[in-house]
1. Just need a number here: residues in region 74-97 that are farther than 24 Å from residue 210 by Cβ and either touching a helix residue (DSSP H, G or I) at 6+ places or on another chain (Cβ under 9 Å) or modelled with pLDDT under 95 (or both).
2. Can you tell me how many residues within region 173-198 are in a helix (DSSP H, G or I) and under 28 Å from residue 141 (Cβ atoms)?
3. Give the residues of region 158-172 that are in a loop (DSSP other than H, G, I, E, B) and either crowded, with 18+ Cβ neighbours inside 10 Å or free of Cβ contacts under 8 Å to residues at least 24 places away in the same chain (or both), sorted by residue number.
4. If the requirement is being at pLDDT 95 or above, part of a loop (DSSP other than H, G, I, E, B) and either touching a helix residue (DSSP H, G or I) at 6+ places or on another chain (Cβ under 9 Å) or surrounded by 22 or more Cβ atoms within 10 Å (Cβ to Cβ) (or both), which of these qualifies: 201, 208, 231?
5. Scan region 45-71 for residues that are at pLDDT below 95 and in contact with a helix residue (DSSP H, G or I) (Cβ under 7 Å, 6 or more places away or on another chain) and jot them down.
6. If residue 195 satisfies every condition in (1) farther than 20 Å from residue 69 by Cα; (2) in contact (Cβ under 8 Å) with a residue 24 or more places away in the chain but one, which is the exception?
7. Got a sec? Which of 145, 102, 74 is touching a strand residue (DSSP E or B) at 6+ places or on another chain (Cβ under 9 Å), crowded, with 23+ Cβ neighbours inside 10 Å and farther than 18 Å from residue 191 by Cα?
8. Please work out if residue 153 is surrounded by fewer than 15 Cβ atoms within 10 Å (Cβ to Cβ), more than 22 Å from the chain's Cα centre (by Cα) and closer than 20 Å to residue 223 by Cα.
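The values are calculated or read from the model by the stated rules, or taken from the named source; none is laboratory data. Keep in mind that what you see is a predicted model, and the values were worked out from it rather than measured. Using ideal geometry, Cβ is built from the backbone for each residue, glycine included, and neighbour counts are taken over all protein chains shown.
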């Protein structure tokens with residue numbers, strides 16, 4: 001009875017004919033080239049704002065010992081009064097990134113925001129991610145948002161895109177119109193249904209001088225968290241101020 005015959009040596013017979021597995025150096029080179037290609041494509045599609053000459057505010061100079069609370073997506077008939085009440089009791093000022101359509105529905109809330117010493121900034125007209133629209137829509141989504149704020153008696157250069165959604169075309173539009181891109185340092189994630197204590201703990205654990213905190217004008221948990229946040233920040237010697245339109249030295 002014949003015995004089975006096994007080939008000695010490497011396992012090239014199991015591979016497709018003529019295929020040679022790349023050695024480690026080749027695999028590393030392939031990985032590097034693919035990574036560079038991906039990031040090059042991303043930076044072309046959405047380069048950092050300063051590369052395009054856009055005015056960007058991401059934080060406040062930390063030596064000022066100031067922080068900013070910002071609230072996106074209002075005004076809202078339930079949450080905006082709760083936020084304003086909590087801020088008034090805490091004697092803290094903030095910036096509300098408002099949606100133009102909401103301003104049309106609740107103009108009295110926009111006026112109250114201003115009357116109580118806070119500032120308004122633009123969060124688009126209909127809260128649409130700008131990567132989902134064409135350049136023809138920018139005058140509607142960006143310019144009309146500014147017009148709604150002006151109709152309330154305020155002026156601003158600050159624009160925060162919904163969802164942070166931007167591409168190169170949108171950034172070019174901001175540059176051509178001298179608009180300030182309003183970023184943040186701390187995203188609290190309170191668009192999810194979080195309890196007030198969890199929101200406050202997240203902010204207090206991460207808050208540093210110069211921070212710009214992104215929160216939302218929605219629900220009841222965020223207003224409930226504000227007394228804890230403000231009290232802890234003041235223990236650290238921090239002052240609450242509206243978001244600056246530009247950083248010193250910019251025109």
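1. Our first condition is that a residue be farther than 24 Å from residue 210 by Cβ; within region 74-97, this holds for 74-82, 84-85, 88-89.
Those still in the list that are either touching a helix residue (DSSP H, G or I) at 6+ places or on another chain (Cβ under 9 Å) or modelled with pLDDT under 95 (or both) too: 74-77, 79-82, 84-85, 89.
Residues meeting the conditions: 11.
2. Going through region 173-198, the residues in a helix (DSSP H, G or I) turn out to be 173-176, 196-198.
Pick out the ones that are also under 28 Å from residue 141 (Cβ atoms) and you get 173-176.
Of the residues in that region, 4 qualify.
3. Quick first cut of region 158-172, residues in a loop (DSSP other than H, G, I, E, B) only: 160-161, 165-167.
Across region 158-172, the qualifying residues are 160, 161, 166.
4. On the way: 201 fails: part of a loop (DSSP other than H, G, I, E, B); 231 fails: part of a loop (DSSP other than H, G, I, E, B).
It is 208.
5. The answer is 45, 46, 47, 49, 52, 53, 54, 56.
6. In the conditions (1) farther than 20 Å from residue 69 by Cα; (2) in contact (Cβ under 8 Å) with a residue 24 or more places away in the chain, residue 195 misses (1) alone.
7. Numbers: 102 fails: farther than 18 Å from residue 191 by Cα; 74 fails: farther than 18 Å from residue 191 by Cα.
One residue alone meets the criteria, 145.
8. Working: surrounded by fewer than 15 Cβ atoms within 10 Å (Cβ to Cβ): yes; more than 22 Å from the chain's Cα centre (by Cα): yes; closer than 20 Å to residue 223 by Cα: no.
Criteria not met by residue 153.
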